[in-house]
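First up is the structure itself, then whatever we jot down about it.
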Amino acid sequence: MDKIETSLKVIVLDIVDDLIKHQDNYLIVDFNEEKEYKFKPLYIRLIDKNQKILKSTYFPDEIHKNFRKLSKDIINFKKFDNYILSEIKFSMLKDDYVLQVATDYKILNETMQNLFYILIFIIPIILIFSITGGYFLVYKSFKPIEEILNNLKNINSTTLSKRLTTSQKQDEINMLAIEINSLLERLEISFEKINQFSSDASHELKTPLTIIRGEIEITLRKDRDSSEYKKSLQTCLNEVMIIQQTIDDLLFLAKKENTSNNLEDVYIDEITFEAVKELKPFANIRAIDLKTQINDVFQVKGYSKLLKIAIKNILKNAITYSYKESSVEIKNSIENGNYVITISDKGIGIPKDEQKKIFEKFYRTDKSRNKESGGTGLGMSIVEKITKLHNAKIELSSEEKKGTTVKFIFKGNIDE
């Protein structure tokens with residue numbers, strides 16, 4: 001419609017220009033715009049102010065001649081059932097005239113018909129290409145996901161070490177594979193912890209349970225006096241306490257601490273004094289002199305309860321395996337820009353070939369492999385875990401029959 005109205009507007013202005021140009025003899029102007037503009041059909045007529053037709057081609061009867069409401073020099077468009085009319089009122093020879101140019105909907109119908117045929121042929125082609133291209137895109141997009149699903153089907157509790165193939169691309173599929181690998185890694189660690197806990201528990205609990213069962217069976221074979229029953233119950237109680245301590249230690253080692261939350265400022269001198277105070281009675285029983293030397297006061301970011309457990313475990317070992325009437329010293333100092341807690345004893349010491357094994361679970365040196373110590377062989381493993389949790393180091397030096405020195409080394413910032 002816009003194209004038709006634009007064409008009619010051009011034709012109207014062209015005819016008006018011709019009429020004004022030949023206004024002295026305007027009747028000689030031929031209305032041959034159909035040939036000139038190759039626009040068919042065109043109906044043209046010129047009307048004077050008395051609505052008399054001065055010059056005309058064939059013009060449809062249904063189009064009226066009333067133009068009194070027309071504004072001068074403005075082209076107006078009117079739409080009829082079968083025609084589109086453009087008309088303009090202009091002045092020529094000091095009189096007003098109206099030029100009307102009309103056409104039917106043939107061109108519009110032809111355009112719609114052509115569009116219809118175009119759509120009939122183009123839409124199936126577009127659909128074919130769209131379906132083919134869409135299938136290709138979907139296949140290419142979902143193929144990596146299909147590969148991920150097939151790989152995941154082959155991963156179970158016994159093959160958690162397998163990982164999905166990743167690339168350097170930063171698309172969503174590759175990011176998904178990376179996150180799944182991260183999840184598999186966490187699951188593998190969790191399964192290893194569970195398996196390790198089960199293995200460690202069954203290994204360490206077997207002996208005390210066997211002792212308890214044997215003690216009960218022997219006691220029940222015949223009637224005994226109260227002192228024998230008490231002795232048997234005391235043996236069972238001691239073994240139960242060992243079982244309880246073993247389970248507590250294993251659970252602690254299996255627990256995964258979150259190092260990003262709940263960090264606090266830990267004043268090392270305070271937890272040192274607390275650890276010494278709590279173990280003072282134990283040292284008195286063993287006839288060991290506990291000495292404290294605070295050369296420097298400092299603080300670290302960490303967990304005060306866990307650090308106190310680590311210090312107490314080392315102190316308890318130092319007291320347990322020191323000679324009577326000897327001393328155990330704990331010292332806080334700054335060495336080479338690091339914060340250091342040093343615990344030294346004058347005890348039985350640890351052979352060199354066993355010093356590297358001391359942090360293994362359930363490991364005990366031959367001299368300490370006895371029930372009187374009440375240990376589970378997990379204390380040093382707990383100490384090592386707490387140390388790693390605080391991004392610290394633990395150093396051990398020992399000499400048989402002379403003593404052992406253990407150092408906790410924390411990275412320090414002396415400028416603060």
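The values are calculated or read from the model by the stated rules, or taken from the named source; none is laboratory data. Everything numeric here is computed off the predicted structure, so don't read it as measured data. Because the Cβ atoms are built from the backbone with ideal geometry, glycine has one as well, and the counts that use them run over all protein chains shown. Just so you know, the surface numbers come from the protein's heavy atoms only, side chains and all, with ligands and any DNA or RNA stripped out. Shrake-Rupley method; radii C 1.70, N 1.55, O 1.52, S 1.80 Å.
Just a few scattered comments:
- Qualifying residue in the range 319-339 (condition: in a helix (DSSP H, G or I) and under 17 Å from Val406 (Cβ atoms)): yes
- Residues of the range 315-353 satisfying the condition of being open to solvent by 10 Å² or more (accessible area, probe 1.4 Å) and closer than 13 Å to Met380 by Cβ: Lys316, Asn317, Thr320, Tyr321, Ile350
- Positions within the range 142-182 being surrounded by 11 or more Cβ atoms within 10 Å (Cβ to Cβ) and in contact with a Phe, Trp or Tyr (Cβ under 7 Å, 6 or more places away or on another chain), in sequence order: Leu160
- Note on the range 111-120: residues that are surrounded by 11 or more Cβ atoms within 10 Å (Cβ to Cβ) and of a type outside the set (A, V, I, L, M, F, W, C) total 1.
- Only residues that are free of Cβ contacts under 8 Å to residues at least 60 places away in the same chain, surrounded by fewer than 16 Cβ atoms within 10 Å (Cβ to Cβ) and farther than 21 Å from Gln51 by Cβ were counted across the range 75-110, and they come to 5.
- Restricting attention to the range 122-177, the residues being basic (Lys, Arg) and part of a helix (DSSP H, G or I) number 3.
- Leu54 being touching an Asp or Glu at 6+ places or on another chain (Cβ under 7 Å) and farther than 30 Å from Met112 by Cα: yes
- For the range 239-297, filtering for residues that are under 18 Å from Thr387 (Cβ atoms), in a helix (DSSP H, G or I), aliphatic (A, V, I, L, M) and at pLDDT 80 or above leaves 3.
Listed here are the residues, each with its yes/no results for (1) surrounded by fewer than 12 Cβ atoms within 10 Å (Cβ to Cβ); (2) without any contact (Cβ under 8 Å) to a residue 40 or more places away in the chain; (3) of a type in the set (Val, Ile, Thr).
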position: Leu8; (1), (2), (3): no, no, no
position: Val12; (1), (2), (3): no, no, yes
position: Glu34; (1), (2), (3): no, yes, no
position: Lys38; (1), (2), (3): yes, yes, no
position: Ile44; (1), (2), (3): no, no, yes
position: Ile53; (1), (2), (3): no, yes, yes
position: Ser56; (1), (2), (3): no, yes, no
position: Glu62; (1), (2), (3): yes, yes, no
position: Asp73; (1), (2), (3): yes, yes, no
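- Any hit, the range 384-391, residues being open to solvent by 30 Å² or more (accessible area, probe 1.4 Å), farther than 19 Å from Ala310 by Cβ, part of a helix (DSSP H, G or I) and at pLDDT 80 or above: no
- Subset of the range 293-335 (residues that are farther than 15 Å from Thr272 by Cβ and among the basic types (Lys, Arg)): Lys301, Lys324
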